[in-house]
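Engineer: Please see the structure below; I have some questions.
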Amino acid sequence: MDEEYDAIVLGTGLKECILSGMLSVSGKKVLHIDRNKYYGGESASITPLEELFAKFNAPAPDETYGRGRDWNVDLIPKLLMANGLLVKLLIHTGVTRYLEFKSVEGSYVYKGGKISKVPVDQKEALASDLMGMFEKRRFRNFLIYVQDFQEDDAKTWKDLDPNTANMQSLYDKFGLDKNTQDFTGHALALYLNDNYLQQPAIQTIRRIKLYSDSLARYGKSPYLYPMYGLGELPQGFARLSAIYGGTYMLDKPIDEIVLGEGGKVVGVRSGNEIAKCKQVYCDPSYVPDRVRKKAQVIRCICLLDHPIPNTKDALSTQIIIPQKQVGRHSDIYISVVSYTHQVAAKGWFIAMVSTTVETNDPESEIKPGLDLLGPIRQKFVSVSDYYEPIDDGTQSQIFISESYDATTHFETTCLDVIKIYKYGTGEDFDFSKVKVELGEEEQ
Amino acid sequence: MAMVKTPVLKVILCGEYGVGKSSIFRRFINNTFVPNSDRRSTLGLDHFEKPYQLTDKTVKLQLWDTGGMERIASVTSSYYKFAEAAILVFSLDNASSFHVLSQHLLDIVTYAENAKIFLCGNKSDLEGSSPQVTDADIETFCEQCHNLISTTYKTSCKNGTGIEEMFTDIAMQLVESNRSRIELQTLDHNSFKISNPDPVDEPSCSC
Ligand SMILES: Cc1cc2nc3c(=O)[nH]c(=O)nc-3n(C[C@H](O)[C@H](O)[C@H](O)COP(=O)(O)OP(=O)(O)OC[C@H]3O[C@@H](n4cnc5c(N)ncnc54)[C@H](O)[C@@H]3O)c2cc1C
Ligand SMILES: Nc1nc2c(ncn2[C@@H]2O[C@H](COP(=O)(O)OP(=O)(O)O)[C@@H](O)[C@H]2O)c(=O)[nH]1
Ligand SMILES: [Mg+2]
């Protein structure tokens, strides 16, 4: 440990592992430490199942749960947008070679007490019970507009400047009713609340395009999920970092981040060992005095021995409960994965219900989500604080990631990484730079 | 026949730091040896594929090196996933690298359940007349682990002894034991790797 590094990365969560990989690839000497014995921090997938039960102080699972090590349970639920930033990053870094994916079978949205499939094509849209007949025609016109929309071709804007006009006015232009707005804004554009209605329409148009581009990639839904769970993602980037010379230490407690002149970081202390460095990258748990609480997120892991009712026995789904449908300010998300992803024993499903906490009784906030699941065999609830750094780190050279939010995809995760990388290196996160000769088979 | 995809079999190297895994990897790639293992010589190299022509079939062995993660930390569990075979490497001149094998074996059976396991005593050039690890030791070990070990090999990366023979034999055994599975491989696989949708956008790689 007593060496000098360009950067020390603390924590092996997904964001830290991506950063570590990027730094190693760009030729930096990196030391990557985790206080835990395992990789992944909060983005780990817990295995075997006994470990998960122990983590939540529950009595050990009985034999109906099958073999414990057939389970890999995520602590934080997320899906990948097929055309999103994380997928781009995986492809460009070659980390995709460590992973296999399955397409999520369907995306559902909650309306008036029941769930409906988010239509993925015109045929499904016409058959959908989300809209009445006339509304369907208006919605179709809206989708065609978005499809034809080109940011650099004002002719496609149809006399509305999307950079100044807000989204509400675009909805109004097409005469879409509140329910359609709800499902468009929350299930297609994936907004957490309704603030977007007052913001320039261009943002929402981009998101809907991302959704449909993602859909076009692999069919059934715009979402992907990795075999063996999300914990494979940080590990893939950790391997990238190691392959490029990064040094890994697990099970190493960090006692102090050592500062020098001007409050600038000079090293990291563990016991009486000090590793010197020019920069530190870390998650909030390593620097409690340099972050502030932004909000709280509640997540409930539910183990089920049956598929979710009304999803045509889908082996994976996502369900969004738009805030307004249940009188909230933030949406409730449900992600469902199962044995088909090698994350549960045969016949088992894992549903994760999550949202941003709004009251003193977070458990009852997620009830509308739990009610959709049918009988729940085992439930693990956690409420975690959501932290953000108090500064951008350029002064101290300590760059801190934000905690994982309640969203169920990785877009915000990647944006945070890109931001930190920019502050830390002064360079834009250049995807093409990591186009490397990692493997031979693609030459 | 030309349309049939050559099956690719993932083979991983496991064992203590310093036993010669990267050296075996380097022998596999270009049949060279670097005496004072300069870590940088395999820097950025992740895995390597090589075809093996067997009597009635061609397969590709895809060999993976640990990336040196085992030096202080553990190797990520995802390293083991989808492996068809694991080569458990120890150094014949280092008894302790042999005694910790059971731990590595445990990792393999945990994370790469279906992998066939092979044992490789490396640095046979250093074995000398009073070996640190005897054939009897190896035999006992294989018995202790309920015959999980398919075959034992001795190799030297320094002079190249036994390396190619080992890989050819592993390729043959994998084909034998997996015959039906290999044939099914493309049919049964509904998970997929993600890749770039429009290769036209990519700058053509002239390296
Ligand atoms: C299934 C699913 C359901 C989701 N449901 C919700 C949800 O219900 N609520 C929720 O917040 N979030 C949800 N998200 C996440 C949501 O899309 C945003 O990430 C989140 O709302 C952050 O919004 P913001 O207004 O704070 O940030 P913004 O300032 O709006 O976003 C920051 C930047 O991220 C980009 N961005 C964020 N998300 C996306 C995206 N999905 N596609 C393309 N670019 C994006 C924006 O273009 C912007 O440049 C969901 C995600 C998924 C996958
Ligand atoms: N004499 C001898 N030295 C070897 C042999 N194989 C590897 N080495 C040396 O052992 C050291 C460690 O090898 P390396 O491949 O880096 O081991 P790894 O940590 O398992 O990847 C290096 O100095 C190699 O040169 C061998 O067969 N014979
Ligand atoms: Mg090595």
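Engineer: With a 1.4 Å probe and every protein chain left in place, work out the accessible area per residue of the stretch A:211-343 in Å², rounded to a whole number.
Structural biologist: Using a 1.4 Å probe on heavy atoms only, each residue of the stretch A:211-343 averages 35 Å².
Engineer: For the stretch A:114-216, would you read off the P(r) tail past 24 Å as a percentage of all alpha carbon pairs?
Structural biologist: Values: 858 of 5253 pairs.
For the stretch A:114-216, the share of Cα pairs beyond 24 Å comes to 16 percent.
Engineer: Carbon and sulfur: what percent of the stretch B:54-139's accessible surface (1.4 Å probe)?
Structural biologist: Numbers: 1500 of 3340 Å².
C and S atoms contribute 45 percent here.
Engineer: Next question, about the same structure. Can you give the angle from 0 to 90° between the axis of helix A:201-218 and the longest principal axis of chain A, with both taken from C-alpha atoms, to the nearest 10?
Structural biologist: For helix A:201-218, the angle is close to 80 degrees.
Engineer: State the three equivalent ellipsoid semi-axes of the stretch B:132-173, derived from the C-alpha gyration tensor as the square roots of 5 times its eigenvalues, in descending order and whole Å. Show your work: numbers first, answer last.
Structural biologist: Details: eigenvalues 90, 49, 5 Å².
Equivalent-ellipsoid dimensions as semi-axes: 21, 16, 5 Å.
Engineer: Ballpark to the nearest 100 Å², how much total accessible area do A and B bury together, probe 1.4 Å? Display every interim value, and only then the final one.
Structural biologist: Details: alone 19320 and 12350 Å², together 28100 Å².
Buried surface at the A/B interface: approximately 3600 Å².
Engineer: May I ask for the percentage of alpha-carbon pairs in the stretch B:8-191 that lie more than 28 Å from each other?
Structural biologist: On the way: 3409 of 16836 pairs.
Here the long-distance tail beyond 28 Å is 20 percent of all Cα pairs in the stretch B:8-191.
Engineer: Accessible area per residue, 1.4 Å probe, Å², for the stretch B:8-191: what's the number? Spell out each step's value before the answer.
Structural biologist: Working: 8390 Å² over 184 residues.
Counting only protein heavy atoms, the per-residue value for the stretch B:8-191 is 46 Å².
Engineer: Mind listing the long-range amide H neighbours of residue B:52? Cut-off is under 5 Å, sequence gap 5 or more, other chains count too, H placed in the peptide plane at 1.01 Å from N.
Structural biologist: Distant-sequence amide H within range of residue B:52: B:59, B:60, B:61.
Engineer: Skipping prolines and chain starts, which residues have an amide H placed within reach, meaning under 5 Å, of the one on residue A:40, given they are 5 or more residues away or on another chain?
Structural biologist: A:12, A:13
Engineer: Grab the DSSP H runs of chain A that are 4 residues or longer, score each as -39,500 (n - 2.57), total them, divide by all residues and round the 222 nm result to the nearest 500 deg cm²/dmol. Walk me through the numbers on the way to the answer.
Structural biologist: Values: 12 runs with 117 residues, N = 443.
That calculation yields -7500 deg cm²/dmol at 222 nm.
Engineer: Find, to one decimal place in angstroms, the Kirkwood hydrodynamic radius of the protein assembly as shown, where the mean of 1/r is taken over every pair of different Cα atoms and then inverted. Intermediate results must be reported in sequence, preceding the final value.
Structural biologist: On the way: mean 1/r = 0.0374 Å⁻¹.
Mean inverse Cα-Cα distance, inverted, gives 26.7 Å.
Engineer: Roughly how crowded by other chains is peptide A:76-87, in terms of the mean Cβ count from those chains within 10 Å of each of its Cβ atoms?
Structural biologist: Numbers: counts 0, 0, 0, 0, 1, 0, 2, 1, 0, 0, 0, 4.
Rounded to a whole number, the mean comes out at 1.
Engineer: What is the distance in Å between the Cα centroid of the stretch A:219-276 and that of the stretch A:329-384?
Structural biologist: The stretch A:219-276 and the stretch A:329-384 have Cα centres spaced 28 Å from each other.
Engineer: Rounded to the nearest percent, how much of the accessible area of the stretch A:114-216 (1.4 Å probe, protein heavy atoms only) is carbon and sulfur?
Structural biologist: Here it works out to 52 percent.
Engineer: Please report how far the C-alpha centroid of the stretch A:162-192 lies from that of the stretch B:104-121, rounded to the nearest whole angstrom.
Structural biologist: With the stretch A:162-192 and the stretch B:104-121 each reduced to a Cα centre, they are spaced 54 Å.
Engineer: Any idea what the dipole of chain A comes to, in debye rounded to 20, about its Cα centre with Lys/Arg Cβ at +1 and Asp/Glu Cβ at -1? Intermediate values should be presented prior to the final figure.
Structural biologist: Details: 51 positive and 61 negative charges, 206 e Å.
Charge dipole, chain A, about its Cα centre: 1000 debye, nearest 20.
Engineer: Normalised by the residues of chain A, what does the relative contact order come to in percent, with Cα pairs under 8 Å and at least six apart? Write down the numbers at each step before the final one.
Structural biologist: On the way: 895 pairs, mean separation 108.4, N = 443.
The normalised contact order for chain A reaches 24 percent.
Engineer: Sorted by mean Cβ packing within 10 Å, highest first, what order do the peptides A:69-80, B:66-77, A:197-208 take?
Structural biologist: Values: A:69-80: 23.8, B:66-77: 22.0, A:197-208: 17.8.
Ranking the peptides A:69-80, B:66-77, A:197-208 by packing returns A:69-80, B:66-77, A:197-208.
Engineer: Accessible area of the stretch A:220-337 with a 1.4 Å probe: how many percent of it is carbon plus sulfur? Numbers along the way, then the final one.
Structural biologist: Numbers: 1990 of 4060 Å².
Roughly 49 percent of what the probe reaches on the stretch A:220-337 is carbon or sulfur.
The values are calculated or read from the model by the stated rules, or taken from the named source; none is laboratory data. This structure is a prediction, so every number in the text was calculated from the model and none was measured. All Cβ positions, glycine included, derive from the backbone under ideal geometry; neighbour counts span all protein chains shown. In case anyone asks, the SASA skips ligands and DNA or RNA and just uses the protein heavy atoms, side chains included. Shrake-Rupley method; radii C 1.70, N 1.55, O 1.52, S 1.80 Å.
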